[in-house]
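*Asks:* Shown below is the structure under consideration.
Here, each number is a calculation from the coordinates, and none is a lab measurement. On a predicted model such as this, the values are computed, not experimentally measured, just so you know. Cβ sites come from the backbone with ideal geometry, for glycine too, and all protein chains shown count toward neighbours.
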Amino acid sequence: MATVKTSSAVRSSWWGRLVHELTVDRAGAKKFRMSSRDLATLLNMMCTLIDNGMPLQKVLGALASDPSLKKHRPLLLRLHGRLVEGSTFYAAIAAYPAAFSPTIVQQVRLGESSGNLSDTLRRIIDHLESWLTLRTSLMHKLSYPAMVVLAGSGLMVFMLTTVVPQFETIYDDSQVDLPWVTSVVTNLSSSLGTYGWLALLPLAAGLVVWWRVRSSIAARRKFDAVLTHLPLVGAFIRDLAVLQFLRSVHALSAAGFVPIDAISQACQTVSNRYIRGQLEQMSHVLVHGTKLSVAMNKLEYLIPSSVRQLMMVGEHSGDITRACEGACDFLQKRLQRRVNGAMGLIEPLLTIALATCIGWIVLAMYMPMFKMFDVLDF
């Protein structure tokens with residue numbers, strides 16, 4: 001009985017929780033995922049504690065006890081345990097690729113070996129926060145038209161399935177002749193009520209196709225290639241992928257990587273697999289001695305001319321980091337201009353289209369009623 005109580009006391013202690021976490025499924029590193037926002041918050045807290053003189057091992061222990069990081073406590077305990085075992089910090093985070101990307105691991109490796117871990121973490125935080133700012137801005141711009149479409153579509157379905165049948169019953173009882181506009185709406189309402197479930201089939205098929213694309217590397221590469229070459233969306237996708245690439249090159253070169261290694265590592269951060277493949281081919285050409293400006297000129301459909309000019313200047317001056325910073329600023333402003341222009345066109349068109357559709361349904365329902373009033377007046 002005493003043994004059980006002692007074991008429970010140890011388990012309830014902080015060290016007991018650490019031992020318990022370290023002994024549970026070391027092979028399950030992939031389950032420890034962390035969003036970019038959570039990672040930026042975590043690294044910011046780490047920097048604050050490190051700058052105040054706290055050793056890294058104690059920093060991780062303190063963060064593991066922080067209530068605001070409760071959902072990441074198992075990961076923090078594992079990282080702390082690896083440091084207790086004598087591991088370096090970069091080797092500890094490298095064991096959890098779902099939470100720490102290879103680019104972050106390589107930056108931490110250089111920062112830790114040079115004794116500038118805090119400065120390195122600050123650069124990573126700046127990179128994450130700038131990307132989060134851009135993503136949040138784009139999501140806010142896209143949320144309004146998405147909500148308009150969702151609300152308008154829901155209202156139209158509600159009117160066709162609930163309101164229109166009630167009017168149809170009234171008109172059937174009165175035996176009034178229906179105008180062709182009203183007949184179209186009532187027929188559409190009847191079809192939606194009878195065969196509306198068929199609309200779920202394309203949705204289910206789309207989900208199956210999407211799942212297969214996500215699960216197959218070759219299929220996703222082809223899908224990304226199609227997206228990249230779309231008439232209007234393709235330019236936006238290309239700029240976004242190049243921005244991802246150049247931000248990583250900037251972060252790695254600022255951390256101390258030579259340009260060739262920074263470019264090679266940065267290719268892995270591009271989410272579009274088709275564009276990633278194109279950039280990897282460019283990286284392989286650089287290894288064989290080709291100049292960066294020459295290699296980029298072969299991707300003129302992918303990399304904007306202004307970006308290529310900035311990178312050429314950086315190559316000649318030997319300051320790739322500054323060139324990447326300027327290119328990233330240019331691309332980010334260009335993306336925001338594209339989104340603002342597109343939203344300025346889409347929002348009024350959506351409003352007009354939805355108002356027209358809903359107004360058409362309302363008018364179609366009231367036109368027979370006007371005819372009934374005329375008959376009564378007569």
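*Asks:* Project the alpha carbons of the range 72-161 onto their principal axes and report the range along each, largest first, in whole Å.
*Replies:* Largest to smallest, the principal-axis extents are 68, 26, 17 Å.
*Asks:* Per DSSP H run of at least 4 residues, take -39500 (n - 2.57); add these up for the chain, divide by its residues and hand me the 222 nm value, nearest 500 deg cm²/dmol.
*Replies:* Per the formula, -26000 deg cm²/dmol.
*Asks:* Only helices at least 20 Å long along their own axis, judged from Cα atoms, and with Kyte-Doolittle mean hydropathy of -0.5 or greater: name those in the chain from DSSP H.
*Replies:* Span-like helices, by this rule, are 36-51, 117-158, 180-195, 200-215, 233-255, 273-287, 320-377.
*Asks:* I want to verify a result. In a Gaussian network model of the chain, Cα cutoff 10 Å, which of these has the top mean-square fluctuation: Met312, Met365, Met282?
*Replies:* With Cα springs under 10 Å in the chain, the top fluctuation among Met312, Met365, Met282 is at Met365.
*Asks:* So which residue, out of Ala235, Ala251, Ala199, gets the largest mean-square fluctuation from a GNM of the chain using Cα contacts under 10 Å as springs?
*Replies:* Maximum among the listed residues: Ala199.
*Asks:* After finding the eigenvalues of the alpha carbon gyration tensor for the chain, what semi-axes result from the square roots of 5 times each, listed largest first in whole Å?
*Replies:* 54, 33, 18
*Asks:* Hey, fewest Cβ within 10 Å first, where do Arg82, Arg220 land in order?
*Replies:* Ranking Arg82, Arg220 by Cβ neighbours within 10 Å, fewest first, gives Arg220, Arg82.
*Asks:* Something else now. Which of the aspartates and glutamates could a cross-linker bridge to Lys222, judged by Cα under 20 Å and excluding same-chain residues fewer than eight apart?
*Replies:* Candidates past the 8-residue exclusion: Asp239, Glu280.
*Asks:* Then there is this: Within the set of other residues whose C-beta is less than 13 Å from the C-beta of Gln309, count the net charge using Lys and Arg as +1 and Asp and Glu as -1.
*Replies:* Within the 13 Å Cβ shell, the charges total -1.
*Asks:* For a quick protection proxy, order the peptides 353-360, 274-281, 291-298 by their average other-Cβ count within 10 Å, most packed first.
*Replies:* 274-281, 291-298, 353-360
*Asks:* Could you pull out every one of the aspartates and glutamates with an alpha carbon less than 13 Å from that of Lys71, ignoring same-chain neighbours closer than 8 positions?
*Replies:* Here the aspartates and glutamates satisfying the reach criterion relative to Lys71 are Asp38.
*Asks:* Among the listed pairs Lys291/Lys333; Lys58/Lys333; Lys141/Lys298, which have their C-alpha atoms separated by more than 30 angstrom in this model?
*Replies:* Too far apart for the 30 Å limit: Lys58/Lys333; Lys141/Lys298.
*Asks:* Kindly rank 222-229, 120-127, 70-77, 200-207 from highest to lowest mean number of other beta carbons found within 10 Å of each residue.
*Replies:* Taking the mean over residues of other Cβ atoms within 10 Å, the ranking is 120-127, 70-77, 222-229, 200-207.
*Asks:* Taking the Cα centroid of the range 293-343 and of the range 48-118, what is the distance between the two, rounded to the nearest whole Å?
*Replies:* The two parts, judged by their Cα centres, are 33 Å apart.
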